[in-house]
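Novice: Let me begin by handing over the structure; questions about it come next.
The values are calculated or read from the model by the stated rules, or taken from the named source; none is laboratory data. In this text the structure is predicted, and so the values were computed from the model without any measurement. Every residue, glycine among them, receives a Cβ derived from its backbone with ideal geometry; neighbour counts consider all protein chains shown.
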């Protein structure tokens with residue numbers, strides 16, 4: 001490696017910083033972009049002498065990027081042959097998907113350093129590099145020689161550029177050019193940036209008619225860049241900067257669920273509560289292919305800009321401790337729960353809505369619990385347990401499943417609870433409503449307050465928050481997993497017979513064996529995808545939909561292979577998919 005003054009300065013800074021990270025504040029002669037990446041790399045606990053790429057198999061979802069990158073890069077084969085370089089693509093998580101190199105000696109060098117497909121070169125694995133900076137910042141980056149964090153890479157210069165989905169502009173990967181440090185040239189960055197743009201253009205040329213119509217509608221609607229605008233359907237979301245700042249991943253699916261209800265009427269206005277608790281007005285205009293609606297343009301207006309909007313006082317209770325929700329139904333519950341923190345409270349609702357969690361939360365601390373569903377052979381045994389809870393030292397007592405209590409035991413139970421209240425104890429109970437008008441319990445008249453926990457069907461605005469909370473509860477320690485908008489949207493279409501309890505079981509199933517950092521619709525089990533059909537499937541229809549989805553997943557979306565596996569004609573498969581509401585255009589299942 002040629003050592004010029006600039007390179008020597010970076011080498012000295014590198015040695016100083018890696019020997020004593022506190023020296024970062026005093027470093028000069030190193031570009032800020034590199035210093036920031038060094039700082040992040042050190043914060044990951046990486047050792048520059050040991051941070052080698054790690055095995056990380058590529059997901060099927062990256063097939064489209066691999067295909068079009070290959071077409072563009074292979075068309076430039078003659079230029080690559082003359083430059084003795086390597087060109088590689090990564091996915092958004094830093095997995096190296098494919099590599100093109102014509103120089104056998106250079107290829108062998110890269111192989112020895114594990115710069116090969118199905119290995120991760122993410123910043124958290126190998127430290128500073130062109131791809132890691134690109135994926136971290138979304139901007140082109142060049143890293144020369146000793147600017148690399150990995151000491152084994154200081155003989156290389158790398159230039160990288162982001163690859164974005166041509167319709168949604170979402171970052172889907174990076175393109176990286178690697179040469180020997182002695183071949184460093186200022187044109188590397190512009191060359192790789194132009195090639196990334198070529199890949200995006202190739203993907204745009206292949207985009208479906210629906211995607212192009214959505215893009216055209218978005219470009220027309222976004223002329224006023226000050227106001228939040230989203231153009232979307234059930235597979236594609238395009239938003240301007242104000243909308244991107246306003247909407248979280250969970251909100252995008254909810255916006256589409258609202259918008260899709262107005263497609264038949266071509267337009268409409270609705271109110272929506274976002275995951276952060278804020279309210280917006282949603283103005284929907286259909287996007288059509290001829291007479292067929294294929295998506296919508298949505299204009300969002302925060303409620304503080306809606307004429308005549310009623311603001312909620314900041315003192316209004318927004319949550320219950322340890323529980324999540326921002327929907328109007330949930331906020332009404334929170335407001336009722338906070339109206340009197342001492343009154344005996346009966347919490348009612350359907351099975352699995354979280355009544356016990358609400359009853360515990362309103363007391364503000366861990367309660368003593370007596371479960372009426374447990375087996376009690378005598379009234380005396382039941383009363384002994386209630387008395388023991390009241391004398392346990394807990395400030396809050398909860399009687400669970402009060403609907404299971406023997407009616408003849410109500411009077412003596414009420415006497416015990418009255419004594420507990422006189423001693424200053426907080427008393428709550430839960431009651432499972434079996435039917436819409438079922439709200440009777442022998443003790444109902446004793447409670448001063450009745451709280452109704454809304455069913456999950458009334459809390460679809462909370463789906464993203466609930467999924468995040470349940471995932472955090474059940475994911476492996478240290479494994480952070482996020483739900484992508486298409487998966488959140490799919491989960492809102494499902495009927496959950498036991499409400500949040502059913503949703504929690506589904507989350508545990510999805511997480512079982514899931515090792516990726518994100519959950520998309522294609523990661524969900526086939527039975528969930530079948531249940532999420534646009535129309536409700538029953539009986540054999542659900543079985544048939546599940547079999548079709550599993551066959552498509554095993555065939556990587558190839559409908560001819562899936563039809564062969566099912567023993568039916570491809571035309572029959574298409575017909576069944578339409579009848580069952582299975583997305584014909586999806587490529588992965």
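Novice: Looking for whichever is surrounded by 13 or more Cβ atoms within 10 Å (Cβ to Cβ) and either in contact (Cβ under 8 Å) with a residue 40 or more places away in the chain or assigned by TED's automatic domain parsing to the domain that holds residue 419 (or both) here; the options are 393, 363. Which one fits?
Specialist: 363
Matching residues to (1) surrounded by 13 or more Cβ atoms within 10 Å (Cβ to Cβ); (2) closer than 22 Å to residue 229 by Cβ; (3) at pLDDT below 90:
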position: 272; (1), (2), (3): yes, yes, yes
position: 279; (1), (2), (3): yes, yes, yes
position: 284; (1), (2), (3): yes, yes, no
position: 309; (1), (2), (3): yes, yes, yes
position: 317; (1), (2), (3): yes, no, yes
position: 322; (1), (2), (3): no, no, yes
position: 336; (1), (2), (3): yes, no, yes
position: 347; (1), (2), (3): yes, no, no
position: 374; (1), (2), (3): no, no, yes
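Novice: Among (1) out of contact with any helix residue (DSSP H, G or I) (no Cβ under 7 Å at 6 or more places or on another chain); (2) touching a residue at least 60 places away in the same chain (Cβ under 8 Å); (3) not in a loop (DSSP other than H, G, I, E, B), where does residue 111 come up short?
Specialist: Failed condition: (2).
Novice: Looking for whichever is without any contact (Cβ under 8 Å) to a residue 40 or more places away in the chain, outside the structural domain of residue 497 (by TED's automatic domain parsing) and touching a helix residue (DSSP H, G or I) at 6+ places or on another chain (Cβ under 6 Å) here; the options are 368, 407. Which one fits?
Specialist: Being without any contact (Cβ under 8 Å) to a residue 40 or more places away in the chain, outside the structural domain of residue 497 (by TED's automatic domain parsing) and touching a helix residue (DSSP H, G or I) at 6+ places or on another chain (Cβ under 6 Å) holds for just one of 368, 407, which is 368.
Novice: Of everything in region 1-42, what is in contact (Cβ under 8 Å) with a residue 40 or more places away in the chain and under 36 Å from the mean Cα position of the chain (by Cα)? Give them in sequence order.
Specialist: Listed by number, the residues that qualify are 31, 33, 34, 37, 38, 40, 41.
Novice: Could you tell me which residue of region 221-241 is surrounded by the most Cβ atoms within 10 Å (Cβ to Cβ), considering only residues that are out of contact with any strand residue (DSSP E or B) (no Cβ under 7 Å at 6 or more places or on another chain) and free of Cβ contacts under 8 Å to residues at least 40 places away in the same chain?
Specialist: This residue is 241.
Novice: Residues in region 495-542 that are on the phi > 0 side of the Ramachandran plot and either at pLDDT 85 or above or crowded, with 19+ Cβ neighbours inside 10 Å (or both): how many?
Specialist: 1
Novice: For residue 32, state whether it is loosely packed, with under 15 Cβ neighbours inside 10 Å and within 19 Å of residue 134 (Cα to Cα). Break it down stepwise before answering.
Specialist: Numbers: loosely packed, with under 15 Cβ neighbours inside 10 Å: yes; within 19 Å of residue 134 (Cα to Cα): yes.
Yes.
Novice: Within region 376-432, can you find the residues that are farther than 14 Å from residue 346 by Cβ and part of a loop (DSSP other than H, G, I, E, B)?
Specialist: The answer is 376, 377, 378, 391, 392, 393, 394, 395, 406, 423, 424, 425.
Novice: If you don't mind, there's one more thing I want to ask. Using the structure shown, decide if residue 185 is modelled with pLDDT under 95, assigned to a helix (DSSP H, G or I), within 24 Å of residue 35 (Cα to Cα) and touching a strand residue (DSSP E or B) at 6+ places or on another chain (Cβ under 9 Å). Before the answer, list the steps.
Specialist: Values: modelled with pLDDT under 95: yes; assigned to a helix (DSSP H, G or I): no; within 24 Å of residue 35 (Cα to Cα): yes; touching a strand residue (DSSP E or B) at 6+ places or on another chain (Cβ under 9 Å): yes.
Here the answer is no, as residue 185 does not meet what is asked.
Novice: Only one residue in 561, 556, 479 is over 26 Å from residue 349 (Cβ atoms), surrounded by fewer than 16 Cβ atoms within 10 Å (Cβ to Cβ) and touching a residue at least 60 places away in the same chain (Cβ under 8 Å). Which one?
Specialist: Answer to the selection: 556.
Novice: Further question: Given the conditions (1) surrounded by 14 or more Cβ atoms within 10 Å (Cβ to Cβ); (2) within 26 Å of the chain's Cα centre (by Cα); (3) closer than 24 Å to residue 145 by Cα, and given that residue 99 satisfies all but one, which numbered condition is not satisfied?
Specialist: Here residue 99 clears every test but (2).
Novice: Which one of 470, 466 is under 30 Å from residue 518 (Cβ atoms), surrounded by fewer than 22 Cβ atoms within 10 Å (Cβ to Cβ) and touching a helix residue (DSSP H, G or I) at 6+ places or on another chain (Cβ under 7 Å)?
Specialist: The unique qualifying residue is 470.
Novice: What single numbered condition from (1) modelled with pLDDT of 85 or more; (2) surrounded by fewer than 22 Cβ atoms within 10 Å (Cβ to Cβ); (3) touching a helix residue (DSSP H, G or I) at 6+ places or on another chain (Cβ under 7 Å); (4) part of a helix (DSSP H, G or I) fails to hold for residue 454?
Specialist: It is condition (4) that residue 454 fails.
Novice: Only residues that are crowded, with 24+ Cβ neighbours inside 10 Å and either closer than 24 Å to residue 216 by Cβ or not assigned by TED's automatic domain parsing to the domain that holds residue 73 (or both): list them for region 140-170, please.
Specialist: Scanning region 140-170 gives a single hit, 163.
Novice: Let me ask something else. Is region 425-436 home to any residue that is at pLDDT below 90 and within 30 Å of residue 274 (Cβ to Cβ)?
Specialist: Yes, the conditions are met somewhere in region 425-436.
Novice: Restricting to region 259-270, name every residue that is surrounded by fewer than 20 Cβ atoms within 10 Å (Cβ to Cβ) and under 22 Å from residue 326 (Cβ atoms).
Specialist: Result: 260, 261, 269, 270.
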